[in-house]
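This report refers to the structure that appears directly beneath it.
The values are calculated or read from the model by the stated rules, or taken from the named source; none is laboratory data. Only a predicted model underlies this, so the values are computations on that prediction, with no experimental measurement involved. Quick reminder, even Gly has a Cβ in these numbers, built from the backbone with ideal geometry, and neighbours come from all protein chains shown. Surface areas here come from the heavy atoms of the whole protein model, side chains and all, with no ligands, DNA or RNA. Shrake-Rupley method; radii C 1.70, N 1.55, O 1.52, S 1.80 Å.
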Amino acid sequence: MVGGAILPVVPSGDAFQTALSGHARKRRLKAGGSQDWLPHSPRENGAGAGKLVVAFVVALAAFAAPDPELDRRLDAARELKRQGSAQKAAAAYEALVAAFRGGADRKLFARVLLESSEIAAAMGDYTRAIDRATESARVYREEKDQRNEALAINYIGQARLYLGDYAAALADFNVALDMAVSQHDAAGEIVRRNNIGSIYFFQGKYLDALQSYERALARVEGSAFADRESDRQLTLANLAIIYEQLGQNQKSLEYYQQALAALSSFVPSEQAQLLSNVGTLYRRMGDPVKALENYRSARQLFARGKHSDGEIHILYNIGIVLALDYGNLEGALAAFTEALTLAEATSNRRQVVLGHLFRGEALYRMGRNDPAREAYRTALAKAEETGAAEEQWTANYGLARIYRREGNAGPALEAFRRAIAQIESVRSGLGQSSLKAEFLANKREVYDGAIDALLATAGAGQEQLFELFEQARSRNLQDALRKTMPRATLPAIRNRLGPHAMLIEYWVGNGQMAILWTTRDRSAVVRRPIAQGNLERLRKLTELLHGGQDAPWRAEAEAAAPLLLEGIPIGSEITELLIVPDGALLSLPFELLPAASGGPLLIERVAVSYLPSAALLLREGGSRGAALPWERQLLAFGDPLPPAAGRLPSDETWVRLPDAAREIESVARALGGRSEIHAGADDLKRRLVDGRPARAPLLHFSTHAAVDTLDPNRSRILFTPESGNAASQYLFWREVQDLSLNGVELVTLSACDTEGGKMVRGEGIQSFSRAFLAAGAGATVTTLWRVADGPTADFMRLFYAQLAHGAAKAEALRSAKLSFLRSGSELAQPRYWAAFVLNGDGQSPVRPVLSWAWVIAAALLVGLALGGARGLWKKRRQ
């Protein structure tokens, strides 16, 4: 069966990820996050080798060829395809395409082209799949067979989706949908609505995806046709997946259970994948017993259908549950050994490599270094034979950890470096930034291991450490800005620092902290151990501030300061600090730390700004001249009219912000130049998305925002919703990244918790500041915790007044904070002002605006000069 809807795979909770401590694992399981095993791609561990599961629901009729010999060859090709002999089937279909080309039966030729496209897509040759489906669509069009033409266009869309060309795929699916609707083809319409929903799913546009799936289900329920039940189950499965992605696990489970009630509607491999998804969902919900039940049922289905690859993957999942949820490493080792045996019996070379890697990890965790080393070496040798780069770095990482455990820092460092080189090689081939973020997220420990080993060797160089520090953080953001900045080196960073600036870059890992500080002319590395109690104190300080508690914060800040600042020479000549935080430090406002015991706070001494990566200092900005008073200086959005009920299942009840409009108006008054304000009923998302924000150097939001700590794509900014357009209510995190903000010098997001988000190892907190910086903004001001509406409006007025007077962005923010701190009122408490943090370029001011007085004076001077010149010219003529 072919041409059907795409069922997105739920990212497995049993991903091959790097090991964390047992404490961290328990914490992550409770939070619903994925568990850690081997440092491998999270997309690998599903039945179907990490690819999308395609539920084919529109059957290609088994047309017979008029020539008996061609009929026999066509049957043979179809049998090869059914048996899974993809390469032989592809060769057979290529020969058939040549044989049928120019024949009398054009429709049969088009059908052969379509079947050839299907097998090409199954082999990952999407370009050929598109070519064959395109030719098939053309032939069907010539034959005036619109239904099958739509089917061929659907094939083109599927292949383009697999290539990551979402815009083109969406266009294809919409064309196919329109054709299905015009022909009253219910089955085709349902398939295309599911496909369109899946495009939105992959783009992180969850409201659009949910709406498309719901429309598909409504069409199913209102129709009667042959494949109605299979279409219904497919749509229910898609709804289950989108609700799981939205964090609504119970609702997701209800849809899965409805789909499982008619499991026979799916082919066995799809049944097994569905059960595997349900097993993963139960693990996220903290029920390993039911997870195992579903995994074992899935294994039986794969075994019955002789789907060895799927059975092997399920055995890996079973082993991971036994190891991580039951602490049964012996049982896990047995499951991994059984998977390895099956892989060897079926000559599946890649799965053989993975089997050795899994066994190596189990043995390493059991403390059996020698057999673990042998397993990793075997995996490495076999991975090199097959050219499997992912498996090569995994094996090298395993060997590096064994060397480090045995105290051999030199060999460990070499093995870590080999692993990192292979990781970077694989990562460079990933085109989409979202894939790169997920790819690196579970590999931070490899870089941490290399840093740890380098610190343990004699003569560790600052430049080597700096390079590893930068490789271990915010890589996705660095990639997004790569066109506007060169490769970061320590000398290049020094050259970008002002004469009174100091950059401090932190690394936290493996029970220790390393701090690299640098000014224009000197630098050094400070290293110290971190006990668990130190991290707990930092967390307590952060929680006190986030919780709005005033009294005890100073004692905790005094206790934290020596850990973070001792040994760093912040003398009187330093007036700017650029902080590159890491790990537990990412949510800490350094401004509240005392520069010395019992002394003034850092905010009273220096201006503080933050950088996700030191590399951002190297961005090409280029200062522009002063703006004219009629040029747009500010684009502002705010004071949204909240809907009666949120569209997303997890929505809270929004209320209108009474001071948001006042805030925007006071900001506009503080600035020179022209302001464009969209507030209340005019606070519309399309004004931003469809407009040209790059023409305004300042972009300001005064609104509500929701931050998701499990999935950044669910983080969103509230706008006034437009009737009939569910997607108009929110600007999602990924949509922010897609904005074109080159030329925007500062984005201020005056809303709650906008510097929060999911913590991704190797990337940092996926906050709105990251998204706006990735879109091209020079700097952002966001909030670390919830902020009060009225005081925030006053704070913003002070901040923008300083910007208007020419202060550098970080200094302007510092001035507003000091105004609150020294107010002698309730506003002096940090909960009112310390939440606001500046990320990005804080060293430079915003573009100044010439006043009308200057313009008029200049015009008068020019007029006088021209008048004088004219008079002189007349005199000379006379």
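Residue 290 exposes around 90 Å² of accessible area when a 1.4 Å probe is run over every protein chain in place. The 1.4 Å probe gives accessible areas that order 536, 470, largest first, as 536, 470.
For each pair in 443/809; 685/758; 205/817, compute the distance between the two Cα atoms and list the pairs where it is over 29 Å.
Working: 443/809 35 Å; 685/758 24 Å; 205/817 37 Å.
Over 29 Å apart, Cα to Cα: 443/809; 205/817.
Computed from the C-beta positions of residue 537 and residue 71, the FRET efficiency with R₀ = 60 Å rounds to 0.15. The accessible area of residue 759, taken with all protein chains in place and a 1.4 Å probe, comes to roughly 80 Å². The slack in the chain from residue 788 to residue 726, taken as 0.36 nm per residue of separation less the alpha-carbon distance, amounts to 19.5 nm.
Here's the list of aspartates and glutamates a cross-link from residue 290 could span, going by alpha-carbon distance under 13 Å and ignoring same-chain residues fewer than 8 apart: 325.
Cα centroid distance between segment 718-769 and segment 524-588, in Å? With segment 718-769 and segment 524-588 each reduced to a Cα centre, they are spaced 27 Å. Where the centre of each part is set by its Cα atoms, how far does segment 463-518 sit from segment 325-375, in angstrom? Between the Cα centre of segment 463-518 and that of segment 325-375, the gap is 38 Å. Loop-located trypsin sites (Lys or Arg not before Pro) in segment 455-516 (DSSP state not H, G, I, E or B) with no more than 15 neighbouring Cβ atoms inside 10 Å: 487. Legend: calculated FRET efficiency, residue 182 to residue 385, from the Cβ-Cβ distance at R0 = 51 Å, rounded to 0.05, equals 0.40.
Residue 818 to residue 425: FRET efficiency via 1/(1 + (r/R0)^6), r the Cβ-Cβ distance, R0 51 Å, to the nearest 0.05? With a Förster radius of 51 Å, E is 0.55. Extension gain for residue 262-residue 500 works out to 78.7 nm (0.36 nm per residue, less the C-alpha to C-alpha distance). Using a 1.4 Å probe, what is the accessible area per residue for segment 145-257, in Å²? Here the residues of segment 145-257 average 32 Å² of exposed surface. Between residue 104 and residue 370, the modelled labels are 7.7 nm apart [label points 7 Å from Cα along Cα→Cβ]. Modelled label positions at residue 826 and residue 296, each set 7 Å beyond Cα in the direction of Cβ, lie 6.0 nm from each other.
For segment 313-386, which chymotrypsin sites (Phe, Trp or Tyr not before Pro) are both in a DSSP coil and crowded by at most 16 other Cβ atoms within 10 Å? Here the chymotrypsin sites (Phe, Trp or Tyr not before Pro) that fit, given the DSSP loop and packing criteria, are 326. The label point for residue 341 and the one for residue 738, both projected 7 Å from the Cα toward the Cβ, are 5.0 nm apart. Please list, by residue number, everything in segment 385-424 whose backbone N is under 11 Å from a paramagnetic label point 7 Å out along Cα→Cβ of residue 349. Those under the cut-off are 385-388. Ranked by the mean number of other Cβ atoms within 10 Å per residue, highest first, peptides 405-412, 306-313 order as 306-313, 405-412.
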